[in-house]
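Data block below; observations after.
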Ligand code: ADP
Ligand code: NI
């Protein structure tokens, strides 16, 4: 099977697998991450097949829906790629991308690094910010029955994971908790440039949001 056929087969497989997925990680999230990853990769020296497969398979099996089992995603991806007879180094690289894409950074030593991981991770993070990121955040908040905003809760209040889980955080808090921090976590220069634009859009959005809230805009 040539590279194009591998990608086409994988697209069909992912579409089918995610047919009933919740809004944040549906096929269209995968599609956007794939397209953005291709765009970023055009300016980098990277293996295009690995980038495409990493993007297409990065949310193939979410540990959140499998009792927190973080090995499920890479395992399901390996089985799929093995069935297409993809060569072992490519399979291993894609597994590593899926395992490490959610790596938070900070002081921890990152156990796996590659240009292809950098690209797919940037593309995934970019989908959490800008116009789409805002839509996803409010969609998630609605799903969790959260308030849009609560003037009594400081928007930049740091909450614990437990407080978040107990539905106490309005969706606006998620911007300060995560979305506004992502522009400083980009790996590639193309990713950083896109993140700056999307970040500025979110800053303007928030200004407009608070203005409308107070009836001033
Ligand atoms: P990923 O798997 O892409 O790292 P998540 O599963 O945490 O991210 O989130 C999926 C989408 O839902 C993202 O757009 C994210 O910003 C949004 N989201 C996650 N947690 C919250 C929250 N507490 N409030 C609002 N949106 C959230
Ligand atoms: Ni994702």
Exercise. Go over the candidates 57, 49 one by one and state the one that is within 11 Å of ligand 2 (Cβ to nearest atom), free of Cβ contacts under 8 Å to residues at least 60 places away in the same chain, in the same structural domain as residue 102 (by TED's automatic domain parsing) and out of contact with any strand residue (DSSP E or B) (no Cβ under 7 Å at 6 or more places or on another chain).
Key: 57
Quiz item: within 21 Å of residue 132 (Cα to Cα), surrounded by 18 or more Cβ atoms within 10 Å (Cβ to Cβ) and away from ligand 1 (no atom under 16 Å from the Cβ) - does that describe any residue in region 20-40?
Solution: yes
Quiz item: Of the residues 109, 82, which single one is over 26 Å from residue 188 (Cα atoms), over 14 Å from the mean Cα position of the chain (by Cα) and either outside the structural domain of residue 139 (by TED's automatic domain parsing) or more than 14 Å from ligand 2 (Cβ to nearest atom) (or both)?
Solution: 82
Exercise. Among the residues of region 112-131, count how many are part of a helix (DSSP H, G or I), within 16 Å of ligand 1 (Cβ to nearest atom) and under 19 Å from residue 188 (Cβ atoms).
Key: 11
Quiz item: Out of 119, 97, which single residue is closer than 29 Å to residue 192 by Cα, assigned by TED's automatic domain parsing to the domain that holds residue 37 and modelled with pLDDT of 95 or more?
Solution: 97
Quiz item: With respect to residue 68, is the statement that it is at pLDDT below 95, surrounded by fewer than 17 Cβ atoms within 10 Å (Cβ to Cβ) and under 14 Å from the mean Cα position of the chain (by Cα) true?
Solution: no
Quiz item: Could we say that residue 137 is more than 13 Å from ligand 2 (Cβ to nearest atom) and over 20 Å from residue 51 (Cβ atoms) here?
Solution: yes
Quiz item: in contact with a helix residue (DSSP H, G or I) (Cβ under 7 Å, 6 or more places away or on another chain), within 15 Å of ligand 2 (Cβ to nearest atom) and either within 20 Å of residue 195 (Cα to Cα) or modelled with pLDDT of 95 or more (or both): does that describe residue 41?
Solution: no
Exercise. Out of the residues in region 150-172 that are at pLDDT below 95 and assigned to a helix (DSSP H, G or I), state the one that is nearest to ligand 1 (Cβ to nearest atom).
Key: 164
Exercise. Take residue 9 and decide whether it is in contact (Cβ under 8 Å) with a residue 12 or more places away in the chain and away from ligand 2 (no atom under 15 Å from the Cβ).
Key: yes
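The values are calculated or read from the model by the stated rules, or taken from the named source; none is laboratory data. The structure displayed is predicted, hence computed values, not measured ones. Reconstructed Cβ throughout: ideal geometry from the backbone, glycine too, with neighbour counts over all protein chains shown.
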